[in-house]
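See below for the structure under consideration.
The values are calculated or read from the model by the stated rules, or taken from the named source; none is laboratory data. Please read all numbers here as calculations on a predicted model, not as lab measurements. Note: ideal-geometry Cβ built from the backbone for every residue, glycine included; neighbour counts use all protein chains shown. Calculation scope for accessible area: heavy atoms of the full protein, side chains included, ligands and nucleic acids excluded. Shrake-Rupley method; radii C 1.70, N 1.55, O 1.52, S 1.80 Å.
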Amino acid sequence: MLRLLALATLVSGSCLVAAACGGDDPVSEGARSGTSEPGHWKHCRLEGPAQPGGLTIFGGDLIAVAGGGDRAVYTWPAADLVHGGVVRARKLEVDVRPEAALLGGERFAQRGYRMKHLWALPLDFQGVAVQAPDLIYVGDRSRRVVYWGRLIQDAAGRLTQVRLTGLSVAPGAERSKLQQGDWRDQGPGLAGLLALSGRRRMEDLYVLDRAAGPDGTLRVRRMDRYGSALGSIPVRHSLDAEPACNAISWDGTRYVIHYGAGRGRLATMREPEAMRSAKLSAGAPGPAVEGVGAWTGMTHGEDGTVYLVSGGDPVVVAWRAP
């Protein structure tokens, strides 16, 4: 009888400890303990860009661009991220080729505009992507233009500069104010860019719409760097409402789209054959971090780690190992 009483006391005490630690909620437990176990979201504050609008990764370096007229490109080593800490982004010098002509199949590209004309206008960078060996793409939401060029490294392999040598019109703009001479995109705008390497269509660039267009369809549009439209992927879903998209990435086998305000959700989508429609899953919740109103950029490392960056104040980077 005494042995049974002792065993019952031990089991009761274990249950109390489990309840105090979050029970069967491994995400909340990992967030509190700051462990490095896979599957747990971790986060730290990012200093540098004020309104990040896109995130990508180049080797071991994370790269971000920002909206609000910020024409800079920022970088920091992924290895410098420490849960609960602060990481400082380094601003890269951006050099542009003023006489580069705007390319693409739209009327906008036939107006004779050059880099020097558009670069001087208010810009709102909302997407960034890189492609082997050193190509970089930056998307401007205001006029739906993609600027592209190369990442420059020093002899030690440290990123030092971004050299933008070309610009193209991204397909899908709603230019309903042309009569007033306004070439800005009046539609939902682009939410993110994705460039893939080591695949059959590795020259392609994918442009994610922020929301459904006038036809009620959400699309991922495919183009090349010269502005040629190469088709699009209509996105089906069974959500209660049309998703408000924030970013797009690739986890090695599927597209990953972050949508929604606050922590939002990370939804996956298989690549359809022959660019047919794809089905977007409901997804899993994103990281819940106090003070973050929306996650605005996302990328995946080669090891499968997913990284998110937020807009607003404070700016936060969150990450989760697979």
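General remarks:
- Only residues that are under 20 Å from the mean Cα position of the chain (by Cα) and open to solvent by 30 Å² or more (accessible area, probe 1.4 Å) were counted in the range 174-197, giving 2.
- Here Ala212 clears all of (1) at pLDDT 95 or above; (2) part of a loop (DSSP other than H, G, I, E, B) except the condition numbered (1).
- The criterion of being among the β-branched types (Val, Ile, Thr) and free of Cβ contacts under 8 Å to residues at least 60 places away in the same chain does not hold for Thr299.
- Exactly one residue out of Gly67, Gly39, Gly34, Gly48 is modelled with pLDDT under 95, of a type in the set (Gly, Ala, Ser), closer than 25 Å to Leu193 by Cβ and open to solvent by less than 50 Å² (accessible area, probe 1.4 Å): that is Gly67.
- The range 89-139, subset within 22 Å of Gln179 (Cα to Cα) and part of a strand (DSSP E or B), residue most open to solvent (accessible area, probe 1.4 Å): Arg114
- Filtering the range 238-266 to residues that are without any contact (Cβ under 8 Å) to a residue 40 or more places away in the chain and touching a Phe, Trp or Tyr at 6+ places or on another chain (Cβ under 8 Å) leaves Pro243, Ala244, Arg263, Gly264, Arg265.
- Considering Ala89, Ala132, the condition of being within 27 Å of Trp319 (Cα to Cα) and touching a Phe, Trp or Tyr at 6+ places or on another chain (Cβ under 6 Å) is satisfied by Ala89 alone.
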